[in-house]
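Engineer: This structure is in structure tokens; I'll ask about it shortly.
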Amino acid sequence: MDIETVKNLANLSKISITDQEAESVAKDLAQVLSYVDQIKNAPIGDVGTEKSLLNNNFREDTDPIETGFYTDVLLAEAPNKQDNYFKVPKIL
Amino acid sequence: MTIPNTIKETHEKIKSGELSIRALVDSFLKNIEEKNSSINAYIEVYSDIDEQVKNAEKMFEEGRETIMTGIPISLKDNMLFLGHKASSGSKILENYTATYNATVVDLLKNAGAIFLGRTNMDEFAMGSSTETSFYGITKNPLNEEMVPGGSSGGAVASLSMGGTLLSLGSDTGGSIRQPAAFCGLVGMKPTYGTVSRYGLMAMASSLDQIGPITKNVADAETLFNFINKYDKNDATSIPENLRTENKKEVKKIGVPKSWVTGEGIEDSVKENFDKSIETLKSLGYEIVDIDLPLSPYALAVYYILMPAEASSNLSRYDSIRFGMSLPSNNLKNQYEKTRESGFGKEVKRRILLGTYILSHGYYEAYYGKALSLQKAIQKEYKNIFETVDVIATPTSPFLAFSIGAKTNDPIAMKLSDLFTVPANIAGIPAISIPSGDANNNLKHSIQFMGPMFGENLLFEVAKKFEENVQ
């Protein structure tokens, strides 16, 4: 794990990071990765294809809500809004 | 004023007029007033308590009361209570006000429970000591030089310091049971899919579970039964007709000996556990040595699944829809600045780790392998519960440690969850209860794990043990 890798991860995660922080993060992540590397040798055996109960149980999307019904609630905590829309900096 | 021992006793006394809800609530508020400035269990005491008390009194007057009416409870700061702040211990949500109720909050509110306030926690539940919150550390009420455990450290401390009758926490890898053990209380992680997580801020969705923190097993049972309901708003909630019945009586208790004889376990923890096993034997239980060869991998599986899921879940803190926003004329810059400043050190590390684990080239080696291993561990527990009714282990390999002692060692801190994480990986229920006095005014604890939907077995054995613990 090197600084460039950490900076790339920070870019993907949309978190700005200084070189100094990246160095400290690289050290910590390397330690955690070396701990979790033990799973590579775990004797898993045959786990089969049996469906677990621990799955998302999707339901039918019935009785749709009328458009705009929750607009106020959804926008209530928006830091920046205009005319029932979230407002973001100009992109193009 | 003497606070009754259990929810049921409290309820009876309110009903008979022997105890007023106002007096009950005031006695807790007085303790909070006296102790919170040094313990820092509560981030906020709610301002609408009077209104809640009046509503509960009215429910009694009109005969609409439930077992929870007038019962004071504290909420972990990652649960939504409409119109009240909820921040998950983070700066990025410092000014966030909930726009809806979590299902557990709805259930308890409709029943007339009194929410006293929101409790401190490791930021986004990432930690085992409540030292990573934006709102400062929480101290252990049993010994203020020690951490209360985490991540539900504030929740547990709010009860331990006498600041509530009940508390709700969330447990992704031990975040209810480990702090309950550190502070000498009962903490329970129910079966995955029983208690709804709708309105709980997600960390690792395939592991997160809400559960009770109480003074005794009877209250854990009462509170669990109250919030244990199928909820269509939680896609992982298991419909009641799919929940399998379990045996009614515990006879055989499995003990994975290798866990207790391994390295890194404090001697006093071993000694106390041996004593607990003798107590269980004297109560007539048959103790069976069991082997769980894959369980030692559970913590490593956890440190792959959890950051992977957390890095995805925390992408919602985008400076646009809610939460903190540091405006910029460039969108990418706005994301990066806000998330850099809004998230604490540990949260950023876990997001970066999760992003690495999920990135092309590593996904199969880490995430794919961890998922297969999780499935194998689930199978391991399913099979072992064919031969034993419950499993007993210590809750944590060590007792509450000094504040600051493990903050700079990423592995040492994580080892405190060694014995609690397997239940989350397997999706099974587990309860931690005190098992005797330890040095420095701390408490020892024992954990019982049961098969899926086997909460009744845990309550049964834990109650008997509780009555007989020295």
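The values are calculated or read from the model by the stated rules, or taken from the named source; none is laboratory data. Quick caveat, the model's predicted, so the values are computed rather than measured. Neighbour counts are summed over all protein chains in view; Cβ atoms, including those assigned to glycine, are modelled from backbone coordinates with ideal geometry. Side chains included, ligands, DNA and RNA excluded: accessible areas come from the protein's heavy atoms. Shrake-Rupley method; radii C 1.70, N 1.55, O 1.52, S 1.80 Å.
Engineer: So the check is Cβ under 7 Å with 6+ separation or different chains; which pairs have a first residue in region B:165-191 that's at positive phi and open to solvent by less than 10 Å² (accessible area, probe 1.4 Å) and a second one that's at pLDDT 95 or above and not hydroxyl-bearing (S, T, Y)?
Structural biologist: B:G174/B:V421
Engineer: Going through region A:47-92 one residue at a time, which ones are of a type in the set (A, V, I, L, M, F, W, C) and at pLDDT 85 or above?
Structural biologist: Selection gives A:I65, A:F69, A:V73, A:L74, A:L75, A:A76, A:A78, A:F86, A:V88.
Engineer: Does B:N31 satisfy the criteria of being over 23 Å from B:V105 (Cα atoms) and at pLDDT 95 or above?
Structural biologist: So B:N31 passes the test.
Engineer: Which residue is farthest from the other protein chains (Cβ to nearest Cβ), if the candidates are limited to region B:354-375 and must be open to solvent by 10 Å² or more (accessible area, probe 1.4 Å) and closer than 21 Å to B:D318 by Cβ?
Structural biologist: In this case the residue turns out to be B:L358.
Engineer: Across region B:44-66, which residue is nearest to B:A218 (Cα to Cα) among those that are open to solvent by less than 50 Å² (accessible area, probe 1.4 Å) and of a type in the set (A, V, I, L, M)?
Structural biologist: In this case the residue turns out to be B:A56.
Residue-wise test of (1) facing chain A (nearest Cβ under 7 Å); (2) open to solvent by 10 Å² or more (accessible area, probe 1.4 Å); (3) outside any loop (DSSP other than H, G, I, E, B).
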position: B:I287; (1), (2), (3): no, yes, yes
position: B:L292; (1), (2), (3): no, no, no
position: B:M306; (1), (2), (3): no, no, yes
position: B:A310; (1), (2), (3): no, no, yes
position: B:S315; (1), (2), (3): no, yes, yes
position: B:R321; (1), (2), (3): yes, yes, no
position: B:L326; (1), (2), (3): no, yes, no
position: B:Y335; (1), (2), (3): yes, yes, yes
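Engineer: Could you identify the single residue in B:L93, B:L107 that is under 30 Å from B:V347 (Cβ atoms), open to solvent by 10 Å² or more (accessible area, probe 1.4 Å) and hydrophobic (A, V, I, L, M, F, W, C)?
Structural biologist: Values: B:L93 fails: open to solvent by 10 Å² or more (accessible area, probe 1.4 Å).
Being under 30 Å from B:V347 (Cβ atoms), open to solvent by 10 Å² or more (accessible area, probe 1.4 Å) and hydrophobic (A, V, I, L, M, F, W, C) holds for just one of B:L93, B:L107, which is B:L107.
Engineer: Here is a check on your reading of the model: is B:F60 without any contact (Cβ under 8 Å) to a residue 60 or more places away in the chain and over 24 Å from the mean Cα position of the chain (by Cα)?
Structural biologist: So B:F60 fits the description; yes.
Engineer: Next question, about the same structure. Might you check whether a residue that is over 22 Å from B:A310 (Cβ atoms), open to solvent by 40 Å² or more (accessible area, probe 1.4 Å) and more than 8 Å from chain B (Cβ to nearest Cβ) occurs anywhere in region A:25-36?
Structural biologist: no
Engineer: A follow-up question, please. Filter region A:8-20 down to the residues that are surrounded by fewer than 19 Cβ atoms within 10 Å (Cβ to Cβ) and assigned to a helix (DSSP H, G or I), then identify the one that is nearest to the other protein chains (Cβ to nearest Cβ).
Structural biologist: Checked region A:8-20; the qualifying residue nearest to the other protein chains (Cβ to nearest Cβ) is A:L12.
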